[in-house]
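Written below as structure tokens is the structure these notes are about.
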Amino acid sequence: YGTKRISIPQPRFLVFYNGKQKMPDRMTVKLSELYHKGEAPFELELEATILNINVGCNRELMDACKTLADYARYTQRVRDYAEDFSDLQRGSGSVWNRSLILLSEIILS
């Protein structure tokens, strides 16, 4: 700790969303929206940008980051395979095997 003030970079908080619910490509949320109502005025506000990284979302981001695009495709494939099986236990082995095949395809491409 010192007495001289220094300049620091402005922080940015990003959250990558890959859930199943429909979400916009980008949205901003505030931490204060989760605070208990009626308490003393809050002293900390945090805004986070949520980026939807599901297949078909945020094209510009996916085009700029192949690893993230590959992850989105992988996640979608696993979901597709899992839906093909009504018995979760029986399907999980096949999903795992197909996931390994998909990963090897991504790595080799």
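The values are calculated or read from the model by the stated rules, or taken from the named source; none is laboratory data. Worth saying up front: this structure is predicted, and the values here are computed from it rather than measured. FYI the Cβ positions are ideal-geometry reconstructions off the backbone, even for glycines, and counts take in every protein chain you see. The area values use the complete protein model at the heavy-atom level, side chains included, leaving out ligands, DNA and RNA. Shrake-Rupley method; radii C 1.70, N 1.55, O 1.52, S 1.80 Å.
Going through (1) without any contact (Cβ under 8 Å) to a residue 40 or more places away in the chain; (2) within 21 Å of Leu103 (Cβ to Cβ) one by one, Ala72 falls short only on (1). Looking across segment 3-26, just one residue is farther than 30 Å from Arg79 by Cα and either touching a Cys at 6+ places or on another chain (Cβ under 9 Å) or open to solvent by less than 100 Å² (accessible area, probe 1.4 Å) (or both), and that is Pro11.
Considering segment 42-67, and only residues there that are among the acidic types (Asp, Glu) and part of a loop (DSSP other than H, G, I, E, B), the residue that is least open to solvent (accessible area, probe 1.4 Å) turns out to be Glu45. Are any of the residues in segment 27-41 open to solvent by 100 Å² or more (accessible area, probe 1.4 Å), free of Cβ contacts under 8 Å to residues at least 24 places away in the same chain and touching a Phe, Trp or Tyr at 6+ places or on another chain (Cβ under 9 Å)? Scanning segment 27-41, I find no residue that is open to solvent by 100 Å² or more (accessible area, probe 1.4 Å), free of Cβ contacts under 8 Å to residues at least 24 places away in the same chain and touching a Phe, Trp or Tyr at 6+ places or on another chain (Cβ under 9 Å), so the answer is no. Out of Met23, Met27, one residue alone is touching a strand residue (DSSP E or B) at 6+ places or on another chain (Cβ under 6 Å), more than 23 Å from Ile106 (Cβ to Cβ) and part of a loop (DSSP other than H, G, I, E, B). It is Met23.
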